[in-house]
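Working notes for the structure below.
Only the coordinates and a few stated rules stand behind these numbers; no lab work does. Everything numeric here is computed off the predicted structure, so don't read it as measured data.
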Amino acid sequence: MKTIQMVDLKQQYLKIKSEIDTALLNVLDSSVFIGGKQVTDFAANLSKYLGVKHTISCANGTDALQIAMMALDLQPGDEVITPSFTYIATTEVIALLKLKPVFVDVDKRTFCIDPAAIKNAITPKTKAIVPVHLYGHTANMEEIMAIAEEHNLFVIEDNAQAIGGDYIFKDGTKKKSGTIGTVGCTSFFPSKNLGCYGDGGAMFTNDDALAEKLKMIANHGQKIKYYHEMVGCNSRLDAMQAAVLNIKLSLLDEYISARQKAAGYYDKAFANHPKITTPYRAKYCTHVFHQYTLILNDINRDELKSFLEKNNIPSMIYYPVPAHRQKMFEAFGGGDYNLPITDWLADRVISLPIHTELEEEQQLYITKKVLEFINK
Ligand SMILES: *Cc1c(COP(=O)(O)O)cnc(C)c1O
């Protein structure tokens, strides 16, 4: 049996090695390292795949979120509603821009922001909502968009974990996760569902004027070289990463299927176990399983984790400390929040290895060991 990893990037690379090597050598040969055809092709290819008008690439997912918030002209003190149960990048950029993060609770089943909690948190200062499509499950965007429309709020989707997922509206209309709100943001960090071989990120929108602004902000606020119309930053996807992404985008649906198949295997093995809650799938989306995350009921998580580790099975806690409990947010009243579901989940979730190269033999071993610990 191959060594089990949370993500097996090496095996994935080996399957597409000749294509990747050729593409990277072509970039070297052209010596166009910044910008160029690979980068513009990738934006066009991703727009087509997602069914969105504009894709603006940038240096990473954190920058994508920051640039999106800058482009929406949010002002210091404006309130931005966000889940606390997320990767730190989502909430960090809000504070970095001197906006006020307003943390709300998540839905216990989907792990994503709870629309009812959003409603309760709206004040006259609220300007935007940042739903996070955690673990590959899209947040309840239909309800979120209705709230946003009613209160005239921007919606910035953090789609770093759910690229390629479908969202199905009540009338049957389908849209890709990340293309529903005002602007969607994603990351191409190597371990993400669509990952490059370094850092990368992108923003999506159907709004022409906003697209123009996102592009300018990512490029020092300029449209014409050396004429800077607004304060921006330097955030770009390089040609080598774009070359890798062009190849991997063509395989994304296959990669998602492999993840869904692996998730199905785990589901079956843990079905109806009284101490394990397997990931819920809302009818309105297709789960793309960036992570396969269990909720443990009445199990010592640390002991399970070290038992698995001793048996050469990695596992991860995404995320052990929610944003409102981070020292970083003390000055933002972090400790004053009462987010019972977030705290409850942070103490009980555990993510098992899931990736495109996971083999049944490995999953059989993983599930056997998990059940061995829990049933003992
Ligand atoms: C990975 C991730 C980010 C940040 O992406 P980087 O490319 O690492 O900056 C933001 N939000 C979520 C939910 C993520 O998983």
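Rounded to two decimals, the Cα-based Rg/Rh of the chain, with Kirkwood Rh, is 0.97.
The Cα atoms of segment 88-138 give a gyration tensor whose axes a ≥ b ≥ c have a/c of 1.5 or more with a/b no greater than b/c, which makes the shape oblate. Pairs from the list Lys53/Lys215; Lys53/Lys108; Lys268/Lys369; Lys17/Lys369; Lys17/Lys192; Lys98/Lys213 with a Cα-Cα gap above 23 Å: Lys53/Lys108; Lys17/Lys369. Built from the Cα atoms of segment 196-245, the convex hull projects on average onto 4.0 nm², one quarter of its surface area.
Across all C-alpha atoms in segment 252-374, the radius of gyration and Dmax reach 16.0, 49 Å. The DSSP beta bridges internal to the chain are antiparallel in roughly 65% of cases. The helix-only estimate of mean residue ellipticity at 222 nm for the chain, built from DSSP H runs of length n ≥ 4 each weighted as -39500 (n - 2.57), is -12000 deg cm²/dmol after division by the residue total.
Rg of the Cα atoms in segment 21-79, relative to 2.2 N^0.38 Å, amounts to 1.51.
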